[in-house]
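Below: the structure, in structure tokens.
The values are calculated or read from the model by the stated rules, or taken from the named source; none is laboratory data. Remember, it's a predicted structure, so these values are computed and weren't measured experimentally. When the accessible area is computed, the model is the full protein with side chains, heavy atoms only, and any ligands, DNA or RNA have been set aside. Shrake-Rupley method; radii C 1.70, N 1.55, O 1.52, S 1.80 Å.
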Amino acid sequence: PEGGSLMSGLALTTSISRLVSENDTMKRDLQDKDTKIMSLKEKLAEIRKKNEAYMQEAQQLLDEKKTIASQANESRLDLEKEVARLREQLARSNTERDDSARHLL
């Protein structure tokens, strides 16, 4: 009976030692994974921050593009009005010249 009890106690001690060892290993693995998760969360936060900055810059560039396009369109319209005014002035000048030439004849 004592031999069986001793064997049983030894098996129990071995089993407990194994469980403690496995528990320690799992704790280390869990700590490593927690550390990795924290690192990934920090990287994700940095990426999100950079993404937000890029989005703001892209919006700013888009707004600038719209402003420049609007200004260019206004300049083009002003130039077209000036060309039309100068054509009218040229037509009037030509008409006056033709009228003057007819009167001279």
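Points worth noting:
One line per residue, one yes/no per condition, for (1) at positive phi; (2) open to solvent by 100 Å² or more (accessible area, probe 1.4 Å); (3) over 23 Å from the mean Cα position of the chain (by Cα):
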| site | (1), (2), (3) |
| --- | --- |
| GLY9 | no, no, yes |
| ILE16 | no, no, yes |
| ASP24 | no, no, yes |
| SER39 | no, no, no |
| TYR54 | no, yes, no |
| THR67 | no, no, no |
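- Flag if GLU96 is in a helix (DSSP H, G or I), open to solvent by 80 Å² or more (accessible area, probe 1.4 Å) and among the acidic types (Asp, Glu): yes
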